[in-house]
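Asks: I'd like to ask you about the structure that follows.
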2 protein chains.
Amino acid sequence: MNYLEALQKRYSVKKFDSTKKVDSEVLTRILQAGKLSASSLGLQPYRLLIIESTEMKQKLISAYHNPSQISTCSHLVVLISKKNIDERYVDGYFRHISEVREVGIESLSLFRKNIDGYTQNPNQQAIESWAEKQSYIVLGNLMFAAALEQVDTCPMEGFKKKEIEEILEIDTDKEGVTVTLALGYRAEDDAFQHLKKVRKPEEKLFKFI
Amino acid sequence: MNYLEALQKRYSVKKFDSTKKVDSEVLTRILQAGKLSASSLGLQPYRLLIIESTEMKQKLISAYHNPSQISTCSHLVVLISKKNIDERYVDGYFRHISEVREVGIESLSLFRKNIDGYTQNPNQQAIESWAEKQSYIVLGNLMFAAALEQVDTCPMEGFKKKEIEEILEIDTDKEGVTVTLALGYRAEDDAFQHLKKVRKPEEKLFKFI
């Protein structure tokens, strides 16, 4: 199956087959695709919670407008993005670059200057929004990889943010839940799988210049 | 090459080989992956400009902090997202669903109610930010598909928004340029291709619950 066929078969599952679990090796590969996502300045201003515990999924149901995916999925990935990028975080990033690439930190000073110029933006809302957008690239990569693995998904934004953050004990001064992704295998009786995919006509979506 | 190898080979190109163009069939497939991207409520609150004209790329160079990708890439994709979702847009969406799925519009009334409830949010900033995030899923899909096609990319946020919007004659009451993606083939002397990929250690990126 080529990647366009895989994306064509993908749809946002409304009900998973709760008896089928995503194999841990398959899940690991999907998460690797998330890890390899590009991010602005390489800062990866996010982290992922992977929820497989039935108990925790049960707890989270009340935070969702539509509970059926949460109660039936194999895994729920919660993408959490940073609200600010402090000096300590950037220091850690540069130490890590220095180790991986075996170069002195001082050789990275120009890059550091660029990053500081951006992350020291006094407009915290801008940083928060920028970090959220980076996490949507991860969301895209996870869905794409899952489609290639024939694992079904449903991206979910329809949750009560405060409630989900409380349940997951997120320090909301520093981070927030941005978006979530349910993974699993479509239930046979999920009627949505038979609907034709609707996408904007190309003349409205693309313009060549 | 499996998809993880492809993503591993991907890096943000600093200089493309300006003699190499992305074949139009390959480009079409990559754009199809963008078209097939998931979006919240299926609303696809975005469109894409695909810039292949050398003249237009030249014009845009001054809008970028780093001009080398723009002056050497084969194509530049500009992702434009909507700032508001008006009734007319939603009407068009429902007419389109009705046509594609061959169902009466009245049968979609519950879905319509959900969408209206969301898009009639008086907080325009929230709608704008939501639409921007959706376009980052497209960005992710384009980069992922390009990597599978062995086409190189560089996602670029480092531009002067007003300037790029003026050059592209965007009606900024309705839309804004969100992010751009340069496509092409890496130049042999782009030293960045030899650097080891740096990604957060997994214990900082993933937590299993």
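The values are calculated or read from the model by the stated rules, or taken from the named source; none is laboratory data. Quantities reported herein were computed from a predicted structural model and do not represent experimental measurements. In this analysis, Cβ positions are derived from the backbone assuming ideal geometry, glycine residues included, and neighbour counts consider all displayed protein chains.
Asks: Do we find that B:Leu49 is at the interface with another protein chain (Cβ under 9 Å from one of its Cβ atoms), aliphatic (A, V, I, L, M) and in contact (Cβ under 8 Å) with a residue 24 or more places away in the chain in this structure? Write out each step before concluding.
Replies: Working: at the interface with another protein chain (Cβ under 9 Å from one of its Cβ atoms): yes; aliphatic (A, V, I, L, M): yes; in contact (Cβ under 8 Å) with a residue 24 or more places away in the chain: yes.
The answer is yes for B:Leu49.
Asks: With the requirement that a residue be within 22 Å of A:Glu132 (Cα to Cα) and modelled with pLDDT of 95 or more, what does the stretch A:54-69 give you?
Replies: A:Leu60, A:Ala63, A:Tyr64
Asks: Using the structure shown, decide if A:Glu87 is more than 10 Å from chain B (Cβ to nearest Cβ) and more than 20 Å from A:Val138 (Cα to Cα). Walk me through it before giving the result.
Replies: Details: more than 10 Å from chain B (Cβ to nearest Cβ): yes; more than 20 Å from A:Val138 (Cα to Cα): yes.
When the stated conditions are applied, A:Glu87 passes them.
Asks: In the stretch A:9-34, which residues are of a type in the set (A, V, I, L, M, F, W, C), under 22 Å from B:Phe206 (Cβ atoms) and crowded, with 18+ Cβ neighbours inside 10 Å?
Replies: Once the filter is applied, which keeps residues that are of a type in the set (A, V, I, L, M, F, W, C), under 22 Å from B:Phe206 (Cβ atoms) and crowded, with 18+ Cβ neighbours inside 10 Å, the stretch A:9-34 yields A:Phe16, A:Val22, A:Leu27, A:Ile30, A:Leu31, A:Ala33.
Asks: Something else: Evaluate the following for B:Tyr3: is it farther than 28 Å from B:Tyr93 by Cβ, facing another protein chain (nearest Cβ under 9 Å) and either touching a helix residue (DSSP H, G or I) at 6+ places or on another chain (Cβ under 8 Å) or buried (at least 18 other Cβ atoms within 10 Å of the Cβ) (or both)? Before the answer, list the steps.
Replies: Details: farther than 28 Å from B:Tyr93 by Cβ: yes; facing another protein chain (nearest Cβ under 9 Å): yes; either touching a helix residue (DSSP H, G or I) at 6+ places or on another chain (Cβ under 8 Å) or buried (at least 18 other Cβ atoms within 10 Å of the Cβ) (or both): yes.
So B:Tyr3 fits the description; yes.
Asks: For residues that are closer than 15 Å to A:Leu139 by Cα and either at the interface with chain B (Cβ under 8 Å from one of its Cβ atoms) or free of Cβ contacts under 8 Å to residues at least 12 places away in the same chain (or both), tally how many sit in the stretch A:11-27. Before you say what the answer is, go through the steps one by one.
Replies: Filtering the stretch A:11-27 down to residues closer than 15 Å to A:Leu139 by Cα leaves A:11-12, A:27.
This time we only want the ones that are either at the interface with chain B (Cβ under 8 Å from one of its Cβ atoms) or free of Cβ contacts under 8 Å to residues at least 12 places away in the same chain (or both), so: A:12.
So the count comes out to 1.
Asks: Then there is this: Among residues belonging to the stretch B:17-57 that are in contact with an Asp or Glu (Cβ under 7 Å, 6 or more places away or on another chain) and among the hydrophobic types (A, V, I, L, M, F, W, C), point out the one that is nearest to A:Gly42 (Cα to Cα).
Replies: By that ranking, first place goes to B:Ile30.
Asks: Here is a further query. Restricting attention to the stretch A:35-60, which residues are of a type in the set (D, E, K, R) and more than 18 Å from B:Leu205 (Cβ to Cβ)? Quick ask: steps written out before the conclusion?
Replies: Within the stretch A:35-60, the subset of a type in the set (D, E, K, R) is A:35, A:47, A:52, A:55, A:57, A:59.
Listed by number, the residues that qualify are A:Glu55, A:Lys57, A:Lys59.
Asks: Which of (1) outside any loop (DSSP other than H, G, I, E, B); (2) within 17 Å of the chain's Cα centre (by Cα) does B:Gln8 not meet, given it meets every other one?
Replies: Exception for B:Gln8: condition (2).
Asks: What pairs come up if the first residue lies in the stretch A:114-135 and is within 13 Å of another protein chain (Cβ to nearest Cβ), the second is surrounded by fewer than 17 Cβ atoms within 10 Å (Cβ to Cβ) and among the basic types (Lys, Arg), and their beta carbons are under 8 Å apart, counting only those six or more places apart or on different chains?
Replies: Note: no pairs meet the criteria.
Asks: Right, another one. Being loosely packed, with under 14 Cβ neighbours inside 10 Å and either on the phi > 0 side of the Ramachandran plot or in a loop (DSSP other than H, G, I, E, B) (or both) is the filter here; which residues of the stretch A:161-178 pass it? Steps first, please.
Replies: Kept after step one, since they are loosely packed, with under 14 Cβ neighbours inside 10 Å, are these residues of the stretch A:161-178: A:162, A:166, A:169, A:171-174.
Passing the criteria: A:Glu169, A:Asp171, A:Thr172, A:Asp173, A:Lys174.
Asks: Got at least one residue in the stretch B:39-57 being touching a His at 6+ places or on another chain (Cβ under 6 Å) and assigned to a loop (DSSP other than H, G, I, E, B)?
Replies: So far as the stretch B:39-57 goes, yes, one or more of its residues are touching a His at 6+ places or on another chain (Cβ under 6 Å) and assigned to a loop (DSSP other than H, G, I, E, B).
Asks: Here's a check for you: in the stretch A:179-209, which residue that is at the interface with chain B (Cβ under 8 Å from one of its Cβ atoms) and aromatic (Phe, Trp, Tyr) is surrounded by the fewest Cβ atoms within 10 Å (Cβ to Cβ)? Can you show your working first?
Replies: Start the filter on the stretch A:179-209 by keeping residues that are at the interface with chain B (Cβ under 8 Å from one of its Cβ atoms), which leaves A:179, A:195-202, A:204-209.
The next check asks that each one be aromatic (Phe, Trp, Tyr); those that pass are A:206, A:208.
Values: A:Phe206: 17, A:Phe208: 13.
So, considering only residues that are at the interface with chain B (Cβ under 8 Å from one of its Cβ atoms) and aromatic (Phe, Trp, Tyr), the one surrounded by the fewest Cβ atoms within 10 Å (Cβ to Cβ) is A:Phe208.
Asks: Here are A:Ser98, A:Ser71, A:Ser37: which of them is of a type in the set (S, T, N, Q) and either in contact with a Phe, Trp or Tyr (Cβ under 7 Å, 6 or more places away or on another chain) or crowded, with 21+ Cβ neighbours inside 10 Å (or both)? Please lay out each step first, then the result.
Replies: Working: A:Ser98 fails: either in contact with a Phe, Trp or Tyr (Cβ under 7 Å, 6 or more places away or on another chain) or crowded, with 21+ Cβ neighbours inside 10 Å (or both); A:Ser71 fails: either in contact with a Phe, Trp or Tyr (Cβ under 7 Å, 6 or more places away or on another chain) or crowded, with 21+ Cβ neighbours inside 10 Å (or both).
Exactly one of A:Ser98, A:Ser71, A:Ser37 is of a type in the set (S, T, N, Q) and either in contact with a Phe, Trp or Tyr (Cβ under 7 Å, 6 or more places away or on another chain) or crowded, with 21+ Cβ neighbours inside 10 Å (or both), namely A:Ser37.
Asks: Go through (1) touching a Ser or Thr at 6+ places or on another chain (Cβ under 9 Å); (2) in contact (Cβ under 8 Å) with a residue 24 or more places away in the chain and name the single condition A:Leu108 misses.
Replies: If we test A:Leu108 against (1) touching a Ser or Thr at 6+ places or on another chain (Cβ under 9 Å); (2) in contact (Cβ under 8 Å) with a residue 24 or more places away in the chain, just (2) comes out false.
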